[in-house]
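J.: Quick one: this structure, given as structure tokens, is what I'll be asking you about.
The values are calculated or read from the model by the stated rules, or taken from the named source; none is laboratory data. Predicted, not measured: the structure shown is a model, and the values here were computed from it. Note that each Cβ is placed from the backbone with ideal geometry, even for glycine, and that neighbours are counted across all protein chains shown.
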Amino acid sequence: MTKEDFELQNVIGVRFKPAGKIYLFDPGDYQVEKGDSVIVDTSQGLEYGEVVTNVHELPQAENPEGVLPVPRKIHRKATRADLARINENKRREKEAFEICQDKIREHRLPMHLINARYTFDMTKIIFYFTAEVRVDFRNLVRDLAYIFRTRIELRQVGVREEAKLLGGVGCCGRKLCCTTFLGDFAQVSIRMAKEQNLSLNPTKISGICGRLLCCLKFESDYYHECYVKNNPAFEPHQNDRVILDEGEGRIVTINPSRRIATVLLDSKKTVVASWENLMPVENESFSRIPQDEPVQDEFFDFADTATTSDAESKPEPVPTTKVSVPPKDKKFPSKKFSARTESKPIAKKENDESKKPRIKRPRKPRRPRGKLR
């Protein structure tokens, strides 16, 4: 697209919760600033929100089906009567929460109610709950609609959203990040804890929601940049020679999506390792000893041997010495000082006891069964 395809449009950022997501709206003819309260028209109806960003320009495509949708205009600026209505809605939300809890116990549903919220115009009530299994709450919605005479929505949330709605204190002693400033949940992986050299104990890297700490994402980019600078990227290929902790081998298969490789070691053992644990043989600081070069033995000194330039020269034969057997002596038996010579087979005795015929003894008669009278 060219610059002519875009139009500059003034927008503001509005947030409906203290640490909620920011939505863009068109201020229209109203003069609003950061910190003002406004009433906007949303898909849920009229809502009360707070302006968190000043008016700024946003490029908008002329085509309504473009990349950026056309933001809605604000309904009006909030007044004192609107603030009084917000306080009245909060009081009714507590009553609706208690009534919904009683109905859940009455229907014996396996669900945990977290919060209840009214829209600004009181045309809809939203109940937030958590459940481990799928819940059939059609009868519950029917009873709540009969009591409140308005639209009812039951919204199931996860454990992270539950912690965001209820709030709490983290392991650092401060309020939870998700309830103070985090507008949206970022993806956190165990790889971030490994890069930061943290303990992989689940109790130390998990929050009150039972998931990985969101603060692991804050410094992950910085640690990743430092790791890339200190460790240049190595992308292995099939049949490459690499070195691992287990030894040296050849790469058989690679998985680029998971960044792992299957290595066949020289000891005929197969190992699966990550790319970070592989090191090419060319970058190894030491050189391997060639197979044609003889290895020096600690009991043999090559410096004492004479080298000749003639390729046809044969090595001199090693002189052999005869072992002398000491004479027999009564004090020192000859068996201890006798040299190891070829042992002669021992002649078998003619009258070998093992070849004697086995005498069969008569068997004893069997005892008759039953009691003897």
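For every residue, the table says whether it meets (1) more than 33 Å from the chain's Cα centre (by Cα); (2) of a type outside the set (A, V, I, L, M).
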position: 89; (1), (2): yes, yes
position: 108; (1), (2): yes, yes
position: 122; (1), (2): yes, no
position: 144; (1), (2): yes, no
position: 161; (1), (2): no, yes
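J.: Turning to a different aspect of this structure: Sort through 64, 59 and tell me the only one that's under 43 Å from the mean Cα position of the chain (by Cα) and either surrounded by 14 or more Cβ atoms within 10 Å (Cβ to Cβ) or at pLDDT 90 or above (or both).
T.: 59
J.: Still on this model: For the structure I just gave you, tell me whether residue 209 is closer than 15 Å to residue 19 by Cβ and either in a loop (DSSP other than H, G, I, E, B) or among the aliphatic types (A, V, I, L, M) (or both).
T.: yes
J.: So residue 82 fits all but one of (1) assigned to a helix (DSSP H, G or I); (2) surrounded by fewer than 16 Cβ atoms within 10 Å (Cβ to Cβ); (3) charged (D, E, K, R); (4) touching a strand residue (DSSP E or B) at 6+ places or on another chain (Cβ under 7 Å); what number is the exception?
T.: Against the list (1) assigned to a helix (DSSP H, G or I); (2) surrounded by fewer than 16 Cβ atoms within 10 Å (Cβ to Cβ); (3) charged (D, E, K, R); (4) touching a strand residue (DSSP E or B) at 6+ places or on another chain (Cβ under 7 Å), residue 82 comes up short only on (2).
J.: Next up: With respect to residue 148, is the statement that it is within 23 Å of residue 163 (Cβ to Cβ), over 35 Å from the mean Cα position of the chain (by Cα) and among the aromatic types (Phe, Trp, Tyr) true?
T.: Against the criterion (within 23 Å of residue 163 (Cβ to Cβ), over 35 Å from the mean Cα position of the chain (by Cα) and among the aromatic types (Phe, Trp, Tyr)), residue 148 does not qualify.
J.: Oh, and also: Please work out which residue is surrounded by the most Cβ atoms within 10 Å (Cβ to Cβ), limiting yourself to the range 17-44 and to residues that are of a type in the set (Ser, Thr, Tyr) and under 14 Å from residue 73 (Cβ atoms).
T.: If we take residues in the range 17-44 being of a type in the set (Ser, Thr, Tyr) and under 14 Å from residue 73 (Cβ atoms), then 23 is surrounded by the most Cβ atoms within 10 Å (Cβ to Cβ).
J.: Something else now. Within the group 167, 183, 158, 173, which residue is on the phi > 0 side of the Ramachandran plot and surrounded by 11 or more Cβ atoms within 10 Å (Cβ to Cβ)?
T.: Only one candidate qualifies: 167.
J.: Same structure again: Within the range 246-281, take every residue that is of a type in the set (D, E, K, R) and either assigned by TED's automatic domain parsing to the domain that holds residue 191 or under 20 Å from residue 191 (Cα atoms) (or both) and give me the one that is modelled with the lowest pLDDT.
T.: Ranking the qualifying residues of the range 246-281, first place goes to 276.
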